[in-house]
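Q: Mind having a look at this structure? Questions to follow.
Taken together, the values in this text are just the output of simple stated rules run on the coordinates, not laboratory data. Computed from a prediction, not measured in an experiment: that's the story for all the values here. Quick reminder, even Gly has a Cβ in these numbers, built from the backbone with ideal geometry, and neighbours come from all protein chains shown.
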Amino acid sequence: MFGVRRLALCSVLSTQVSALLLLAGCAIPHVPSRAVYEDPVNFVRLERDIHVLDEAPYTKHSHPLIISASELERILRGISVKQRRISLVVWFAGEAIPEQAFTDEEIALLAPRLAEALSRAQPNERVTYYLSRPETSIKRVITSGGLYVKGPQLHFILGNHRIVYGIPAYGMVYDRRYPMRPTAAKAVDLLFQPRAAVVIQEAGFLDTAFGNEKDELVLDLHKLHIGQPVVLKSGDG
């Protein structure tokens, strides 16, 4: 009898250890970052861009950048989204009408914080933003993405737009940890006015196949008469 109980106890312990190992394997990797603004549901932060390599200076961003909150507001108001429709729907109902990507309240929150973040960003960092509102105790509606400057061009990424995100088991908050990554299939295209300021990018085959070629806006800051890079002094990093 003692042997049976011992085997049963070992079995329970083995199951618990396996579960702990599974959770450890699913742990969310740490993303080096520093907060510029954060409240219980939103944030703007600076995070290390893994695509910037110290041994390859051409990969570095043109940060920091001096840009005013009003200039950032003008950019945010120029961004719109258009629902993606399959050909059959377009044939019956026509193309979707674009709508402003951010509400007035979101713009008021983001513009000054994004401007501050760009003025503090280092050449190896990018700015990320995250907006959310609770829908239920386990679901929230999120809009998130990031931006960085390369020469005279501002790269603006919309990772998620009004996506209903269900918080998974064990509280793994991938949406907050990775704001630039889509949490669901994209349903909108990203547009900007004035169109003359948009820099056309060549999309690869996979980007086109998966509908990712319109997830990023590249804007010519010279054409928008916006922004002035900071000239770093020797030793400032």
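Q: If we count other beta carbons within 10 Å of each Cβ, what is the order of E47, E99, fewest first?
A: Working: E47 20, E99 11.
With the sparsest Cβ surroundings first, the list reads E99, E47.
Q: Shifting gears a bit: So for H155, H63, fewest C-beta neighbours within 10 Å to most, what's the order?
A: Fewest to most other Cβ atoms nearby, the residues stand as H155, H63.
Q: In addition: Hey, fewest Cβ within 10 Å first, where do I107, I50 land in order?
A: Going from sparsest to densest Cβ surroundings: I50, I107.
Q: If you don't mind, another one. Please find the FRET efficiency linking S70 to D39, where r is the Cβ-Cβ separation and R0 is fixed at 25 Å, and quote it to the nearest 0.05. Before the final figure, lay out each step's value.
A: Details: r = 22 Å, r/R0 = 0.90.
Calculated transfer efficiency: 0.65.
Q: Would you please give the residues with an amide H less than 5 Å from that of G159, counting only those at least 5 places away or on a separate chain, with H modeled from the backbone geometry?
A: Amide H neighbours of G159: S144, G145, G146.
Q: Something else: For S68, list long-range residues whose amide hydrogen, built 1.01 Å from N in the peptide plane, is under 5 Å from its own amide hydrogen.
A: It is G227, by chain and number.
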